[in-house]
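K.L.:
This is the structure I want to talk about, given as structure tokens.
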Amino acid sequence: MKSLKYILPIAVVAVLGTACEGFLDKEPLVTPIAETFYKDDANAVLAVNAIYDAISWDEGGVTGSGHTYEWMYGDLLSDDSKKGSTTGDYLELKQMETWQTLTNAPVQSSTWNNMYVAIYRANQVLTYLGDPQSVITEDLKSRLMGEAYFLRAYSYFNLVTKYGGVPVVTELIPMTDWGKYSRSSVAEVYQQIESDLKEAINRLPEKGTYTEANRGRATKGAAKAYLARAYMYQLGTDNTNGITWQQVYTLTNEVITSGQYQLMSNYAMLFEIENENNAESVFELQFVDVNNDWGPGKTGTGNNVIQNNRATWGWGFNNPTQNLVDAFEDNDPRLAVTVYTSNDTVVGTLQQIDYPGQNETGYLNRKAFLATAPSASSSSPKNIIKFRYADILLMQAEAAYHLGQESTARDLVNQVRARARVSTRPKGSAGIGASDYRPYPVVAGRLPDVTASGTALLDAILHERRVELAMEGLRYYDLVRTGRYFTALANKYSQTEATRAESRSIKTGVVNPIPVMPIPLTEVQSWGLTQNPGY
């Protein structure tokens, strides 16, 4: 969907946004745009594009002031990475990593803002397109509403996994009425997510039916994948809704048998920019480089600049830990695709990392590497992969294990290992100027098939999730839902950090405690929302 990357005329943004207060207070000079805007197919598409726009903001969107990337939660809060860069740069991230986040911290405030802007825009689309008087082409209307349902669910899932229960708003309301909405319970937020994703499943097409121009839009498979992910997270945290492993198994099986996805033959190719939206991609955020710098309304991302080598043109954040490196088995080809260090050649360029001066662990994230600096600091055109088919296989493996289907679980894990076993070295790692994929020497016993049973099989599945999906923003959530987070955090730092995280967790009515970030101070003060424990 590169050609569709969220470019909106100013008048459209004025209607679709929520935070540009200056023009919201003025009397309209013409007929309100919303009354006529949705009577045109092309405009309706733009309105949905505006929702994608909001979920892709990584510099705080309209009102937020901080950078906000999923790795700041999924990697940094886990044992897979540390803040990185220089000691004094972006101290808010170190506070976050050690569970000392302030209630006015820019990262959390920006995440909250962006997701609610997306929710507002989704509510607007669903309100106007859901009007029986809408004249939009029926098939297009149904699909666009499916995308809006998906993106609203995506936004609420981002919120509930970071803050716990949040206000659930599913209709258009004036700004003055926001204070009437109190926080819903965690279970109630998940009920809304499930409802939205089921609507999306019913309305969205399969991936293969989209034209090239629409590549990257939400699909039926993506909606099923996220519903399965939401089910898995409830199973290990707050399962008031009575979710079962059979539900996870059924959904992932529907994705697998749809014929829409397959593992790429070479793991090393997955994260190169020329292979975006590949056969393994279930959902990814789309970006292009058009020379925009920091601030909202961009078409590019700063994700690669933030994580690239500070000794070249990057900022050097999100450093993989030695603990992660040690988790890989001997000769696992995925290690070199996941991390790089000094004297490694990455896409033909020799890397020297200033460790410990400008790096915290001696490693950087290879999956986020971009060979050429973008035209502006926040203009990287490299997509951010949010869901891969390998994750679906491993989710079903875990479900199969819990359902007593150990043979099926082993087969699924071994599919993932078989692909990794034959993968090549990363692109351009053979030497300066290299740009090809060189094979590894044949090594007997590389990544042997999993043969374990019982709890050892579950451990093997979770190990495979860690190394296969490393540095993709998922590890923290896996640790939380499997009840392993506080031990992992204590091993990363000390028991002090683990105790602090536990004190900032939801502990009542849960399978495992759920660590939560603070509700932004402005939201607590403006709308009377109850603050999370420990803040």
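K.L.:
Would you please give the residues with an amide H less than 5 Å from that of V346, counting only those at least 5 places away or on a separate chain, with H modeled from the backbone geometry?
P.N.:
Under 5 Å from the amide H of V346: Q351.
K.L.:
Let me ask you something else. Which one, L458, V480, S494, projects farthest toward the positive side of the charge dipole computed for segment 453-499 from Cβ point charges (K/R +1, D/E -1)?
P.N.:
It is S494.
K.L.:
Pull up all non-local amide H partners of E360: gap of 5 or more, or a different chain, and H-to-H distance under 5 Å with H placed in the peptide plane.
P.N.:
When sequence neighbours closer than 5 places are left aside, the close amide H contacts are G84, S85.
K.L.:
Using a 1.4 Å probe and counting only protein heavy atoms, arrange F486, F37 so the residue with the most accessible area comes first.
P.N.:
So the residues, ranked largest to smallest area, are F486, F37.
K.L.:
Taking 0.36 nm per residue of sequence separation and subtracting the Cα-Cα distance, how much length would be gained by fully extending the chain between Q352 and D41, in nm to one decimal?
P.N.:
The Q352-D41 span can extend by a further 106.8 nm.
K.L.:
Now, a different point. How large, in percent, is the carbon and sulfur part of the accessible surface of the chain at a probe radius of 1.4 Å?
P.N.:
Solvent-exposed carbon and sulfur of the chain make up 51 percent of the total.
K.L.:
Let me ask you something else. Per residue of segment 230-239, in order, report the coupling 6.51 cos²θ - 1.76 cosθ + 1.60 (Karplus, θ = phi - 60°) as ³J(HN,Hα) in whole Hz, putting x for Gly and Pro.
P.N.:
5, 5, 4, 5, 5, 4, x, 10, 9, 10
K.L.:
Rounded, prolate or oblate for segment 407-453? Axes are the square roots of the Cα gyration tensor eigenvalues, ordered a ≥ b ≥ c, and the cut-off for rounded is a/c under 1.5.
P.N.:
prolate
K.L.:
Further question on the same structure: Tell me the net charge near V337. Cut-off is 11 Å between Cβ atoms, V337 excluded, with +1 for each Lys or Arg and -1 for each Asp or Glu.
P.N.:
Summing Lys/Arg as +1 and Asp/Glu as -1 gives +2.
K.L.:
Sticking with this one: What ³J(HN,Hα) values, in whole Hz, does the Karplus curve 6.51 cos²θ - 1.76 cosθ + 1.60 give for segment 508-516 when θ = phi - 60°, with x put for Gly and Pro?
P.N.:
With the stated coefficients, segment 508-516 comes to 8, x, 10, 6, 10, x, 10, x, 9 Hz.
K.L.:
Specify whether the C-alpha gyration tensor of segment 277-404 places it in the rounded, prolate or oblate class, a ≥ b ≥ c being the square roots of the eigenvalues: rounded for a/c under 1.5, otherwise prolate if a/b is larger than b/c and oblate if not.
P.N.:
oblate
K.L.:
Using θ = phi - 60° and the Karplus curve 6.51 cos²θ - 1.76 cosθ + 1.60, what whole-Hz ³J(HN,Hα) does each residue of segment 321-338 get, with Gly and Pro shown as x?
P.N.:
8, 5, 4, 5, 4, 5, 6, 6, 6, 4, 6, 6, x, 6, 4, 5, 7, 9
K.L.:
Determine the relative contact order of the chain: mean sequence separation of Cα pairs under 8 Å and six or more apart, normalised by residue count, in whole percent.
P.N.:
19 percent
K.L.:
Place a +1 charge on the Cβ of each Lys and Arg in segment 421-471 and a -1 charge on the Cβ of each Asp and Glu, then give the dipole magnitude about the Cα centre in debye, rounded to the nearest 20.
P.N.:
My answer is approximately 220 debye.
K.L.:
Ranked highest first by average number of other Cβ atoms within 10 Å, how do 364-372, 132-140 line up?
P.N.:
Output ranking for 364-372, 132-140: 364-372, 132-140.
K.L.:
Continuing with this model, one more query. By average Cβ neighbour count within 10 Å, what is the ranking of 331-344, 85-98, 449-462 from highest down?
P.N.:
331-344, 85-98, 449-462
K.L.:
Give the calculated FRET efficiency between S453 and I432 to the nearest 0.05, with a Förster radius of 51 Å applied to their Cβ-Cβ distance.
P.N.:
Here the calculated transfer efficiency is 0.60.
K.L.:
Which order do the peptides 300-308, 197-205, 267-275 take when ranked by the mean count of other beta-carbon atoms within 10 Å per residue, highest first?
P.N.:
For the peptides 300-308, 197-205, 267-275, the packing ranking is 300-308, 197-205, 267-275.
K.L.:
Something else: Please state the shape class of the chain: rounded when a/c is under 1.5, otherwise prolate if a/b exceeds b/c and oblate if not, all from the C-alpha gyration tensor.
P.N.:
rounded
K.L.:
Express the relative contact order of segment 201-336 as a whole percentage, based on alpha carbon pairs under 8 Å and six or more residues apart in sequence.
P.N.:
Once divided by the residue count of segment 201-336, the mean separation gives 16 percent.
K.L.:
Here's a follow-up. Full-extension gain between S258 and Y181, please, as 0.36 nm times their residue separation minus the C-alpha to C-alpha distance.
P.N.:
23.8 nm
K.L.:
Quick one: compute the contact order of segment 406-535, relative version, from alpha carbon pairs under 8 angstrom and 6+ residues apart, as a percent.
P.N.:
So the answer I get is 14 percent.
K.L.:
Mind giving me the FRET efficiency for W527 and T240? R0 is 25 Å, r the Cβ-Cβ distance, nearest 0.05 is fine.
P.N.:
My answer for the efficiency is 0.55.
K.L.:
Sticking with this one: What is the dipole size for the chain, taken about its Cα centre, with +1 at each Lys and Arg Cβ and -1 at each Asp and Glu Cβ, in debye to the nearest 20?
P.N.:
540 debye
K.L.:
Still on this model: Calculate the FRET efficiency for L91 and S142 from the Cβ-Cβ distance with a Förster distance of 45 Å, rounded to the nearest 0.05.
P.N.:
After rounding to 0.05, the efficiency reads 0.40.
K.L.:
Per residue, how much accessible area does segment 130-190 show when a 1.4 Å probe rolls over the protein heavy atoms, in square angstrom?
P.N.:
38 Å²
K.L.:
For E284, which sequence-distant residues (separation of 5 or more, or a different chain) have an amide H within less than 5 Å of its own amide H, given hydrogens modelled in the peptide plane?
P.N.:
K386
The values are calculated or read from the model by the stated rules, or taken from the named source; none is laboratory data. Fair warning: this is a prediction, and the values are worked out from it, not measured in the lab. Because the Cβ atoms are built from the backbone with ideal geometry, glycine has one as well, and the counts that use them run over all protein chains shown. For the accessible areas, the whole protein counts, side chains as well, though only heavy atoms, and no ligand, DNA or RNA atoms are used. Shrake-Rupley method; radii C 1.70, N 1.55, O 1.52, S 1.80 Å.
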